[in-house]
Amino acid sequence: MLQGYMCDYLGFGQEEAITFFRSHSNADGSGVDFEGFKKGYATLNPYNIAQRMGQRIFRKPGSLAGEGLQLDGVEDCELYILDRTAQVFADYCKNSVIVLGPCESSAFIRDCEDCIFFLAVQQLRTNNCHRCTFFMYSKTEPIIETSSDLTFAPWTCSYPRCSNHFAEVKFDPKRNFWNALFDFTGKPDAANWSIPGLQDVVELEVHLDDEIPIEEPTNPTEKVTHEMLCAAPLEAEGGSGQGLSIPQTRPPLPTPPPGGFVAVKKQVVHDNAAAGRPIGIRGFIGPPAPAAGLATPAAPPEEPISEPTAMVSGGMQAADDDESSEGTMPPRSARGPASGPPGVGLGAAAAAATASATSGVNPRSMRSSFGEDDSDSEEDAPRASPVAGRSQGMSPLGAAKAKAKASALRGGDSDSDEDDDIEREILAGAALARGAPLRTGTGTSPAAGFGGSFGGSFGRGLGGLGGLGG
């Protein structure tokens, strides 16, 4: 049931569901009880992914449905956000691969180092980022500031419903401003960004292996060629920075691929299989493309996610006590200095030179240039419970069990309003785990109950899912 709720309804990946189970199950491995669920409840917020280390995280199509997204303190991870978003903030991400489906407004990438981004946005804004690579679609001119050693190339990612998402946000795949950058800290003698050669481009193909398949991966843009990498940037009316006397030095054009070049590197990712390689940027880049006449090195096969050992909640099963993939990070103040991965060919520049050039930069000092308001934002408007009206199909016996479970969770007082709330949520959650598919399209996100301050009976009711027996 826990796996059905997290993967099929919230739209999370299978590895994330297993990590949640391992981190919050009972001491005897019999399931996730109410107390365990409460401890991990904040991590079930689909709109906020924070303080994660060494995890592969998915958000499937329909899981965000055009809401905003916050990423913070993600390190050595792979994030596949395969849905539309309204606005994205990514802060303090390191050594990670991050995929962002079409964002209707701006994506703010700040204080990130040694990451690979695949993103499609209305506009990109970076601040204090170093040694990052962007495979991107941008509807307007990207803006960078106090950043160095960035690499930019066109969007190369395909995933289920990608073409639909481009159409829904009115992104024209033929008008991509990926190389029309404006640098607010431009220098007269050098550029803070570069364009990779075709041999350094990576194509990404993401598959979702659900019981009810969504569709095959799609990509509305053209395949990247050497000519595309060398093309002049598009010109927009009223472009960024007009009237400012900031030097805009463009990087040299990439050289043709070396003799014997066969094809662009391709990375294929499946949701239902372990990576079979290190998670994060180190394992993602892999070896260079093979030359003609040379045997292609066999990629390590993705291993199916191992089945835990004891049944829990009708679906998820208990795992062993190994919590090496729990993903807990120390507080930001306790982290050591960042160090880039050795041998990274994308966005390669001397780390020592970068450290010297940026040693006096205050990461938060330039926020005003983004036009941001640092004050606390207003709370989101209350959202309707996503499980309302979905408890149909429960047998009388199942309904009786749910009612008893609700009463037990609140100390036996079955007449309280909170019991009624919990009962309704358990009924709905059980129905979801019995096969209700993830809601998709442009409507309310199935995780809308996590909006605002995670409040109300929705959170209390979901606590019963982990320990609901058959």
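The values are calculated or read from the model by the stated rules, or taken from the named source; none is laboratory data. In this text, all values refer to a predicted model and were calculated from it rather than measured experimentally. Cβ atoms come from the backbone with ideal geometry, glycine included; neighbour counts cover every protein chain shown. Heavy atoms of the whole protein, side chains included, go into the accessibility calculation; ligands, DNA and RNA do not. Shrake-Rupley method; radii C 1.70, N 1.55, O 1.52, S 1.80 Å.
Observations
- Remark: the range 1-126 carries a charge dipole of roughly 180 debye about the Cα centre, counting +1 on each Lys and Arg Cβ and -1 on each Asp and Glu Cβ.
- Projected label distance in nm at residue 248 and residue 268, using a 7 Å step from Cα toward the beta-carbon: 4.1 nm
- Shape category assigned to the range 49-130 from the gyration tensor of Cα positions, a/c cut at 1.5: oblate
- Cα gyration tensor shape for the range 189-269, rounded if a/c is under 1.5, else prolate or oblate: oblate
- Based on protein heavy atoms only, the range 30-91 ends up with 24 Å² per residue of surface accessible to a 1.4 Å probe.
- Alpha-carbon spread of the range 92-242, three principal axes, descending order, Å: 54, 34, 30
- Summarising the strand pairing of the range 140-252, around 25 percent of its internal DSSP beta bridges are antiparallel.
- Accessible surface calculations at 1.4 Å, restricted to protein heavy atoms, place the range 111-225 at 32 Å² per residue.
- Within-10-Å neighbourhood charge of residue 123 [Cβ basis; K, R +1; D, E -1]: +1
- DSSP bridge pairs, the range 9-91: antiparallel proportion in percent, nearest 5: 5 percent
- Each label was represented as a point 7 Å from its Cα along the Cα-to-Cβ direction; for residue 48 and residue 225 these points are 4.8 nm apart.
- When peptides 16-24, 93-101, 250-258 are sorted by average Cβ neighbour count within 10 Å, with the highest value leading, the order is 93-101, 16-24, 250-258.
- Distant-in-sequence amide contacts of residue 56, defined by a placed amide H-H separation under 5 Å and a gap of 5 or more residues or a different chain, comprise 78.
- Protection proxy ranking, highest mean first, for peptides 133-139, 75-81: 133-139, 75-81, where packing is the per-residue count of other beta-carbon atoms within 10 Å, averaged.
- Each of residue 89 and residue 212 was given a label point 7 Å from its Cα along the Cα-to-Cβ line. The distance between the two points is 3.5 nm.
- If you take all other residues with their beta carbon under 12 Å from the beta carbon of residue 210, and give Lys and Arg +1 and Asp and Glu -1, the sum is -4.
- Dipole size of the range 61-199 about its Cα centre, with +1 on Lys/Arg Cβ and -1 on Asp/Glu Cβ: approximately 540 debye, rounded to the nearest 20.
- Other residues with beta-carbon under 12 Å from the beta-carbon of residue 149 carry, at +1 per Lys or Arg and -1 per Asp or Glu, a net charge of -1.
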